[in-house]
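Read through the structure below, which is laid out as C-alpha cells, and then see the notes.
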Amino acid sequence: MTLTDRYAVFGHPIKHSKSPRIHKIFAGQTGQSLEYSAQDVPAGQFPAAAAAFFAEGGKGLNCTVPLKELAWAYADVKTERARAAKAVNTLALRADGSILGDNTDGVGLVTDLTVNHGIALAGSQILILGAGGASRGIIGPILEQAAASIVIANRTVEKTVNLAAEFSLKGPVTGCGFDALKNRRFDLIINATSSSLSGCMPPLPEGLLAENGVCYDLAYGNEPTVFVRWGLEKHALKSLDGLGMLVEQAAEAFFIWRGVRPKTQPVIELLNAERL
C-alpha cells in the first residue's frame, strides 16, 4: 500500500489559515499526491508536536506565528537565508533523517513585488517599519536585489540599530526611530509591524512616500488593511497587502518539499476574487 505524503502548517491561532487550500491547489496542478493540514500548536507544545509529526511519517512543516524562532532552533540544518533570518517557516525531512530549516518569506515577498507587480527594487530607497522577526526574514533577499538602501524604523531605536548591524555586511542598512524619518523620501515602504492586526498605524511623519512610490503590508485580510489604506491616501502608485507573498512563499516551500514549482498566478487570482 502506498502511503500519501503528509505535510502541515503549525501555528497558534491557525483555523483561518489559507495554506491547506493553497497547497491542495498546488498538488492538483503538479500531479503530486499529498495531504496538507492545519494544526493549532501553542509555542510550549511545538518541539513535542514537531517531533511526533515527523516520527509518524510527516515529510514537511510550515510554521507561522508564534513558532518561527522555535522552528529555527528545532532544525538540524539551516539554509543561509534561515541563518540570516534566525527564523524558519519551512521544515523538510531529508533523506538521512535530519530536518532542514528554511525561510521562504523573503523570496516570497521579492517575487510578489518584482514578478507579480513589476516593481524594480534595484536602486530603490526602501523603508521597513518594524524590527521584529518579520523584518529579519525579508532584509537579506531585498538586499540581494541591489536596493540602494534600507532604513529600518521602529519605536525602540536600539532594536533597529542592532538589526541593521547584523545585515550591514550584505548591503547599506541603517536603523532609526520614527522621528528620524522626517524629511526622508522612500520609493518603497514595507509594513512589517503587527499594526494592521490592531488597526493602528505607526507614528509616521508626512511626506515619506516618494512620487510613484509603493506601499506593501506584509499582513493581509478580506478588507484593505489600515496600512494599505494609508498608502492609498498618500497617492501610492500601488498599495498592496501580503496575499501574494503568502502564495509565493508557499510555492517556494512546495518546491523545497516536492522539487516541482507550481504556478502561483491562478491561485493569487482565485484568492483575490474571493475577497471582493
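Quick check, is E158 over 24 Å from D112 (Cα atoms), out of contact with any Ser or Thr (no Cβ under 6 Å at 6 or more places or on another chain), of a type in the set (D, E) and surrounded by fewer than 16 Cβ atoms within 10 Å (Cβ to Cβ)? When the stated conditions are applied, E158 passes them. The set of residues from the range 170-203 being of a type in the set (G, A, S) and surrounded by fewer than 22 Cβ atoms within 10 Å (Cβ to Cβ) comprises G171, G177, A180, S194, S195, S198, G199. For the range 67-76, residues that are without any contact (Cβ under 8 Å) to a residue 24 or more places away in the chain and part of a loop (DSSP other than H, G, I, E, B) total 0. Looking at G101, is it outside any helix (DSSP H, G or I) and free of Cβ contacts under 8 Å to residues at least 12 places away in the same chain? Against the criterion (outside any helix (DSSP H, G or I) and free of Cβ contacts under 8 Å to residues at least 12 places away in the same chain), G101 does not qualify. All of (1) surrounded by 24 or more Cβ atoms within 10 Å (Cβ to Cβ); (2) in contact (Cβ under 8 Å) with a residue 60 or more places away in the chain hold for R81 with one exception: (1).
Of the residues making up the range 104-128, those that are outside any strand (DSSP E or B), touching a residue at least 40 places away in the same chain (Cβ under 8 Å) and of a type outside the set (V, I, T) are D105, G108, L109, D112, L113, N116, H117, L121, S124.
Out of the range 1-18, which residues are among the polar types (S, T, N, Q) and modelled with pLDDT of 95 or more? Explain how you work it out, then say what you get.
Applying the first criterion (among the polar types (S, T, N, Q)) to the range 1-18 yields 2, 4, 17.
Of everything in the range 1-18, nothing turns out to be among the polar types (S, T, N, Q) and modelled with pLDDT of 95 or more.
The listed residues are K24, K15, K59, and the only one of them that is surrounded by fewer than 21 Cβ atoms within 10 Å (Cβ to Cβ), within 19 Å of A95 (Cα to Cα) and not hydroxyl-bearing (S, T, Y) turns out to be K59. When the range 62-90 is filtered for residues that are more than 14 Å from the chain's Cα centre (by Cα) and of a type in the set (D, E, K, R), the ones remaining, listed by number, are D76, K78, E80, R83. Among the conditions (1) within 18 Å of the chain's Cα centre (by Cα); (2) surrounded by fewer than 15 Cβ atoms within 10 Å (Cβ to Cβ); (3) under 23 Å from R83 (Cβ atoms); (4) of a type outside the set (G, A, S), Q145 misses just one, which is (2). Just one of the numbered conditions (1) crowded, with 21+ Cβ neighbours inside 10 Å; (2) modelled with pLDDT of 95 or more; (3) assigned to a loop (DSSP other than H, G, I, E, B); (4) of a type outside the set (D, E) is not true of A131: (2).
Condition first: at pLDDT below 95 and either touching a Leu at 6+ places or on another chain (Cβ under 7 Å) or within 23 Å of G244 (Cβ to Cβ) (or both). Can you find one or more residues in the range 106-119 that meet it? No: the range 106-119 contains no residue that is at pLDDT below 95 and either touching a Leu at 6+ places or on another chain (Cβ under 7 Å) or within 23 Å of G244 (Cβ to Cβ) (or both).
Being surrounded by 14 or more Cβ atoms within 10 Å (Cβ to Cβ) and in contact with a Phe, Trp or Tyr (Cβ under 9 Å, 6 or more places away or on another chain) holds for only one residue in L91, L100, and it is L91.
Candidates in the range 228-276 are the residues that are in a helix (DSSP H, G or I), open to solvent by less than 70 Å² (accessible area, probe 1.4 Å) and among the acidic types (D, E); of these, the one that is nearest to S198 (Cα to Cα) is E248.
Would you confirm, using the coordinates I've provided, whether A92 is in a strand (DSSP E or B) and in contact (Cβ under 8 Å) with a residue 60 or more places away in the chain? Answer is yes for this residue.
Within the range 39-55, work out how many residues are touching a residue at least 24 places away in the same chain (Cβ under 8 Å) and open to solvent by 50 Å² or more (accessible area, probe 1.4 Å). Give the derivation first.
As a first pass, look at the range 39-55 and keep what is touching a residue at least 24 places away in the same chain (Cβ under 8 Å): 39-43, 46-47, 49-50, 53-54.
Those still in the list that are open to solvent by 50 Å² or more (accessible area, probe 1.4 Å) too: 39-40, 47.
So the answer is 3.
Pick from E223, E206, E211: which is under 21 Å from H117 (Cα atoms), part of a loop (DSSP other than H, G, I, E, B) and open to solvent by 20 Å² or more (accessible area, probe 1.4 Å)?
Going through E223, E206, E211 in turn, just one is under 21 Å from H117 (Cα atoms), part of a loop (DSSP other than H, G, I, E, B) and open to solvent by 20 Å² or more (accessible area, probe 1.4 Å): E223.
The values are calculated or read from the model by the stated rules, or taken from the named source; none is laboratory data. The model shown is predicted, which means the values in this text are computed figures rather than measured ones. Cβ: placed from backbone, ideal geometry, glycine included. Neighbour counts: every protein chain shown. Each accessible area value is taken on the protein alone, full model and side chains, heavy atoms only, with ligands, DNA and RNA left out. Shrake-Rupley method; radii C 1.70, N 1.55, O 1.52, S 1.80 Å.
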